[in-house]
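Input: a single structure, listed below in structure tokens.
The values are calculated or read from the model by the stated rules, or taken from the named source; none is laboratory data. What you see is a predicted model, and the numbers here were worked out from it, not measured in a lab. Methodologically, a virtual Cβ is constructed for each residue, glycine included, from the backbone with ideal geometry; neighbour enumeration extends over all protein chains shown.
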Amino acid sequence: MKQSQIFGHTLRENPKDETSANARLLERGGFIYKNSAGVYTYLPLGWRTLEKIAKIIREEMNAIGGQEMFMSALVEKKYLDATGRWDVPIGFEAKGKNEKTADFVMGWTHEEVLTAVAGRYVNSYKDLPFAAYQVQTKFRNEPRAKSGLLRGREFIMKDLYSFHASEKDLNDFYEKVKAAYFKIFERCDLKAFYTLAAGGVFTASNTHEFQVAAPAGEDIIFICGKCEYAENKEISKLKNGGECPKCGGKVKMEKTIEVGNLFPLGTKYSSAFDLQFTNAIGKKELVIMGSYGIGLGRLMGTVVETHNDEKGIIWPEEIAPFKIHLIEISGGDADIKSRAEKIYRDLVAGGIEVLYDDRDDKTAGEKFADADLLGIPLRAVISKKTLERDSIELKKRSEKEAKLAKISDFSRLKFE
């Protein structure tokens, strides 16, 4: 993509009233546009990154047997009435102009909906287990929408739901999801801690969160520096500087961002919807369930919070909007521009994701500043100086030093 043609552009100043790094850098870089508190538009650069995150999540969910589907965003009152969650003040009620009362809510979760759907198709133990997930927009009446993508009123979530004939089968699948989540976060270059937590409005039992240490985090966890056993402060009996109950290591307190969660639901929802199956000896039993969530925007915001410097974002390669940021410094020289255009066309023809800064109205300094802000993993510069040596200047965003490489060798060197 040519930078002169991209929709959205960088801003010199930080947006007003934004203190979190992800809000400042993503808005300045032209990745997102703030519509309202907690409501954002993903511009082309931001959407490319979000799609990369979604691709990783889909790959790992599919690998453990998850089947992707798509449920309605409007949830009728009857579903949430069945579990007593209609009056939970987290949802946005939806009603027609001529209706006096709301009969729908904008979906903030889908346990009830999918349990009702499953009732049509689950009859025997032979129909179990199965797991289905979606990537969809959720709506939550968040009274403290802040911190950019970390706490929103409208956000994109991957929610996975599993259905089982036994607690053992649920527990086995729970461990598979746990392993898959670690892979997802590792591929996004995040160090996540598996953390014991409360169930909230989802389940009465203890649940688990994946927490990433960050100064912008609103959660507090206690974590063992030796075995990494962790508990959320909300339920923890651990103390900062105390002894780990698992290995005797020293416990420390960390501010963190929650990037994923696992909920062992048991029979809470199957009981409400009378979701039963006939077991191998002909007896009726309630289906046992689990649910598992990851907020894609929050994950993207967490990456920015933990991967930046004073100049801008430093994207991990697997979720960067482009792999290479090609910059031409031509000073109006037609030959330099022509050579840069050819390199750009060759990269595109080779299937390489490249953002080509072809702008004629920007100085070299402005182009370099924008490159640092956007944070694409590899910067490649073509100029009169580099062409005199039949070379291209390469610099990784994560490193300070640049190096020259022969243009003929560029194809081999670009990912080193």
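At a glance:
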{"quantity": "Single match in Phe130, Phe139 (criterion: in the same structural domain as Leu26 (by TED's automatic domain parsing), within 25 Å of Met300 (Cα to Cα) and out of contact with any helix residue (DSSP H, G or I) (no Cβ under 7 Å at 6 or more places or on another chain))", "calculated": "Phe139"}
{"quantity": "The lone exception for Ser271 - which of (1) more than 30 Å from Ala23 (Cα to Cα); (2) of a type outside the set (Phe, Trp, Tyr); (3) in contact with a Pro (Cβ under 7 Å, 6 or more places away or on another chain) it fails", "calculated": "(3)"}
{"quantity": "Some residue of region 224-240 being among the β-branched types (Val, Ile, Thr) and either more than 30 Å from Met300 (Cβ to Cβ) or not assigned by TED's automatic domain parsing to the domain that holds Ala116 (or both)", "calculated": "no"}
{"quantity": "Number of the exception - Gln3 against (1) surrounded by fewer than 20 Cβ atoms within 10 Å (Cβ to Cβ); (2) out of contact with any helix residue (DSSP H, G or I) (no Cβ under 7 Å at 6 or more places or on another chain); (3) under 30 Å from Asp361 (Cα atoms)", "calculated": "(1)"}
{"quantity": "Of the criteria (1) under 28 Å from Met289 (Cα atoms); (2) surrounded by 16 or more Cβ atoms within 10 Å (Cβ to Cβ); (3) modelled with pLDDT under 95, which one Ala216 fails", "calculated": "(1)"}
{"quantity": "Criterion violated by Asp274 - all others in (1) touching a residue at least 60 places away in the same chain (Cβ under 8 Å); (2) surrounded by fewer than 17 Cβ atoms within 10 Å (Cβ to Cβ); (3) part of a strand (DSSP E or B) satisfied", "calculated": "(3)"}
{"quantity": "Qualifying position, being assigned by TED's automatic domain parsing to the domain that holds Ile53, more than 30 Å from Glu27 (Cβ to Cβ) and acidic (Asp, Glu), among Asp81, Asp159", "calculated": "Asp81"}
{"quantity": "For Asp370: the one exception among (1) in a helix (DSSP H, G or I); (2) of a type in the set (D, E, K, R); (3) surrounded by fewer than 19 Cβ atoms within 10 Å (Cβ to Cβ)", "calculated": "(3)"}
{"quantity": "Residue among Arg339, Arg359 that is assigned to a loop (DSSP other than H, G, I, E, B), in contact with a helix residue (DSSP H, G or I) (Cβ under 7 Å, 6 or more places away or on another chain) and surrounded by fewer than 23 Cβ atoms within 10 Å (Cβ to Cβ)", "calculated": "Arg359"}
{"quantity": "Residue count for region 136-152, restricted to those that are touching a residue at least 12 places away in the same chain (Cβ under 8 Å) and assigned to a loop (DSSP other than H, G, I, E, B)", "calculated": "6"}
{"quantity": "Members of region 105-135 found to be part of a strand (DSSP E or B), crowded, with 18+ Cβ neighbours inside 10 Å and in contact with a Gly (Cβ under 9 Å, 6 or more places away or on another chain), listed by number", "calculated": "Val105, Met106, Ala131, Ala132, Tyr133"}
{"quantity": "Residues that are hydrophobic (A, V, I, L, M, F, W, C) and either touching a Gly at 6+ places or on another chain (Cβ under 9 Å) or modelled with pLDDT under 95 (or both), drawn from region 236-254", "calculated": "Cys244, Val251, Met253"}
{"quantity": "Failed condition for Glu18, given (1) touching a Lys or Arg at 6+ places or on another chain (Cβ under 7 Å); (2) under 22 Å from Pro377 (Cβ atoms)", "calculated": "(2)"}
{"quantity": "Leading residue by the ranking (surrounded by the most Cβ atoms within 10 Å (Cβ to Cβ)) among those in region 21-57 that are among the hydroxyl-bearing types (Ser, Thr, Tyr) and closer than 23 Å to Glu142 by Cα", "calculated": "Tyr40"}
{"quantity": "Of residues in region 253-271 being touching a residue at least 24 places away in the same chain (Cβ under 8 Å) and outside any strand (DSSP E or B), the one surrounded by the fewest Cβ atoms within 10 Å (Cβ to Cβ)", "calculated": "Lys268"}
{"quantity": "Cross-chain or 6+ apart pairs with Cβ under 7 Å, region 153-167 first and without any contact (Cβ under 8 Å) to a residue 40 or more places away in the chain and within 16 Å of Gly290 (Cβ to Cβ), then part of a strand (DSSP E or B) and of a type outside the set (Gly, Ala, Ser)", "calculated": "none"}
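Results for (1) among the small types (Gly, Ala, Ser); (2) in the same structural domain as Lys176 (by TED's automatic domain parsing); (3) more than 30 Å from Met1 (Cβ to Cβ), shown as yes or no for each residue.
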site	(1), (2), (3)
Thr256	no, yes, yes
Tyr269	no, yes, yes
Leu296	no, yes, no
Leu299	no, yes, no
Val303	no, yes, no
Ile329	no, no, no
Gly350	yes, no, no
Glu353	no, no, no
